[in-house]
Amino acid sequence: MPKAIMVHTIGGPEVLRFEEYDPGMPGHGEALVRHEAIGVNFIDIYHRTGLYPLPHLPGVIGMEGAGIVQAVGEGVSEVSVGDRVAYAGLPPGAYAEVRVIPAHRLVVLPKSISTRQAAGMMLKGMTARYLLHGCYRVKPGDTILIHAAAGGVGILVCQWGKHLGATVIGTVGSKEKAEIARSNGCGHTILYREEDFTSRVKEITSGKGVDVVYDSVGNQTFMKSLDCLRPLGTMVSFGQSGGTVPPFDIGILAAKGSLFLTRPTLMTYTARREDLLAHAKDLFDVVGSGIVKVQIGKTYSLADAGMAHRDIESRRTTGSSILIP
């Protein structure tokens, strides 16, 4: 019988248990996928801790994977048995050797993309796509600020943003991460533990501020990020690795320059299949052409998912982390 990382109760990494489980057979509109690689993302930690509740317990976490279609149910036209596929988004269940998933959430991989690459880039890469093209359409001459610039999404935003003609400013936690960000297109790096990033951004932009801030950290950076924006600038809060942003008076947005604020999710931007395919195509195009390079920082066995979570929570990772069944 195949195995999966089962969560019986919410808590720390210790609640992740590698156990036998029955994935079942695909029903109408579903496909059975045998994973070759699985992506690890901060949203998995939110599911493990209960910040974002799983549909049921016990359950399987994980929002990103790639592998081979083993079987399909009735009414499936999107994929065929033997296809190399990848996915990112709901429903959770990726931390498994084999899983059943709605076929309309699967994307067939081009030959130029390996399953390991796909598992390290689908969620983060399509996130980068909607950040740069959806929340705020980055154009030549723009200046953008990305927090956690050496992280999985950050590295992709740095590369892709530079390709679009933007000046990229990134915050990082160490000199080593600063070098990683710079080597991936970040024009200015800020060591947030040593410098006030708001003051440094104003210095870099000669007091003008940036056009858009991409903030996945949350409470630790949110208010100061608003101070980095030019008038009519856009604040994109797309994560909360540093804590949930508390309620605040929206009049602050007016006082700080009639700012725009959005809290997007990949699931909304790719809810329709045509949008999912458009995001995936754009991602495959920039990766396939070498414009964006996917960096797998750490690889773990599926059984060691708890170790992967500890490393991510302690900020010991750069780039993408993946699990191998």
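Here Ile146, Ile45, Ile291 are placed in order of increasing Cβ neighbour count within 10 Å, fewest first, which gives Ile291, Ile45, Ile146.
Pairs Lys124/Lys177; Lys162/Lys293; Lys124/Lys202; Lys175/Lys202: which are spaced more than 24 Å apart, C-alpha to C-alpha? Before the final figure, lay out the partial values.
Values: Lys124/Lys177 18 Å; Lys162/Lys293 13 Å; Lys124/Lys202 28 Å; Lys175/Lys202 21 Å.
Among Lys124/Lys177; Lys162/Lys293; Lys124/Lys202; Lys175/Lys202, the Cα-Cα distance tops 24 Å for Lys124/Lys202.
Residue by residue, the stretch 291-300 carries 3J(HN,Hα) couplings of 5, 10, 10, 7, 10, 8, x, 9, 10, 10 Hz when phi is fed to the Karplus relation 6.51 cos²θ - 1.76 cosθ + 1.60 (θ = phi - 60°); x denotes Gly or Pro.
With n ≥ 4 as the cut-off for DSSP H runs, can you work out [θ] at 222 nm for the chain, using -39500 (n - 2.57) per run divided by the number of residues, rounded to the nearest 500?
Values: 11 runs with 90 residues, N = 325.
Only helices count here, giving -7500 deg cm²/dmol.
For Lys111 and Arg273, the FRET efficiency from 1/(1 + (r/R0)^6), where r spans their Cβ atoms and R0 equals 22 Å, is about 0.50.
How much FRET efficiency would the formula 1/(1 + (r/R0)^6) give for Leu232 and Lys175, where r is the Cβ-Cβ distance and R0 is 41 Å, rounded to 0.05? Provide the component values of the computation, followed by the final result.
Numbers: r = 34 Å, r/R0 = 0.84.
My answer for the efficiency is 0.75.
In this simple spin-label model, placing a label point 7 Å from the Cα along the Cα-to-Cβ direction at both Lys256 and Ser80 gives a separation of 5.2 nm.
What is the chain's relative contact order, in percent, from Cα pairs under 8 angstrom and six or more apart in sequence?
In percent, rounded to a whole number, it is 18.
Angle of helix 273-288 to the longest C-alpha principal axis of the chain, folded into 0 to 90 degrees and rounded to 10: 70°. Computed from backbone phi with θ = phi - 60° and the Karplus coefficients 6.51, -1.76 and 1.60, the 3J(HN,Hα) list for the stretch 240-257 is 8, 4, x, x, 6, 6, x, x, 8, 6, 5, x, 4, 5, 5, 5, 8, x Hz; x is used for glycine and proline. Length gained on full extension, Tyr52 to Lys281: 79.6 nm, using 0.36 nm per residue less the C-alpha separation.
Quick one: work out the % antiparallel among DSSP beta bridges in the chain, nearest 5. The partial results should precede the final answer.
Numbers: 30 of 55 bridges.
Counting DSSP beta bridges with both partners in the chain, the antiparallel share is about 55 percent.
Residues whose amide H falls under 5 Å from that of Ile296, counting only those 5 or more places apart or on a different chain, are Ser320, with hydrogens built in the peptide plane.
None of the figures in this text is laboratory data; all of them are computed from the coordinates on show. Computed from a predicted model, the values in this text were never measured in an experiment. Positions of Cβ are generated from backbone atoms using ideal geometry, with glycine treated the same way; all protein chains shown enter the neighbour counts.
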